[in-house]
Amino acid sequence: QVQLVESGGGLVQAGGSLRLSCASSGPAFSTYYVGWFRQAPGNEREFIATISGSGLNVYYEDTVKGRFTISRDNAKNTVYLQMSSLKPEDTAVYYCAASTQLRYDSGFDYWGQGTQVTVSS
């Protein structure tokens, strides 16, 4: 059983940066893949990135490569998403999710409640 809570969202100007955090509970956190997703109003939930339990393997959706960085600190039961060079099109609710296997879709086992990111022009 894994519980996830996102934080760090807010309002930022285009070109700025934010760091999102995904804090977890549960002793098996280090065995889970953790992914980040986002959903803008009227759109489907979109995969952004995922990271393996060890933190050694990461995967990014093409549009965020070079701008976003996913990382994790298993000692703190936390996964991060560092976002830079933000664009208005990045505006969305951002979610983290945990899975026992690598995947790039929405079929994760556990989900957080989301945190709003708004990027102004």
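The values are calculated or read from the model by the stated rules, or taken from the named source; none is laboratory data. Since this is a predicted model, take the numbers as computed values, not measurements. Every residue, glycine as well, gets a Cβ built from its backbone with ideal geometry; the counts of neighbours run over all protein chains shown. Keep in mind that these areas ignore ligands, DNA and RNA; they rest on the heavy atoms of the full protein, side chains included. Shrake-Rupley method; radii C 1.70, N 1.55, O 1.52, S 1.80 Å.
For Tyr80, tell me the accessible area in Å² from a 1.4 Å probe, rounded to the nearest 10. Looks like 40 Å² after rounding. Counting every C-alpha pair in region 55-98, the share spaced more than 15 angstrom apart comes to 48%. For Arg67 and Ser120, a Förster radius of 22 Å and the Cβ-Cβ distance give a FRET efficiency of 0.85, rounded to the nearest 0.05. Put a dot 7 Å past the Cα of Gln1, heading toward its Cβ, do the same for Thr31, and the two dots end up 1.6 nm apart.
Compute the distance in nm between two label points, each set 7 Å from the Cα along the Cα-to-Cβ direction, one at Leu11 and one at Asn43. Between Leu11 and Asn43, the simple spin-label model gives 2.0 nm.
Taking one quarter of the surface of the C-alpha convex hull of region 43-121 gives a mean projected area of 5.7 nm². When both region 1-76 and region 83-104 are represented by their alpha-carbon centers, they are found 5 Å apart.
Within the assembled protein chains, the solvent-accessible surface assigned to Cys22 is about 0 Å², based on a 1.4 Å probe. In this structure the chain gives 49 Å² per residue of accessible area when probed at 1.4 Å with all protein chains present.
Apolar share of the accessible surface for region 16-106: 47 percent from carbon plus sulfur atoms, 1.4 Å probe.
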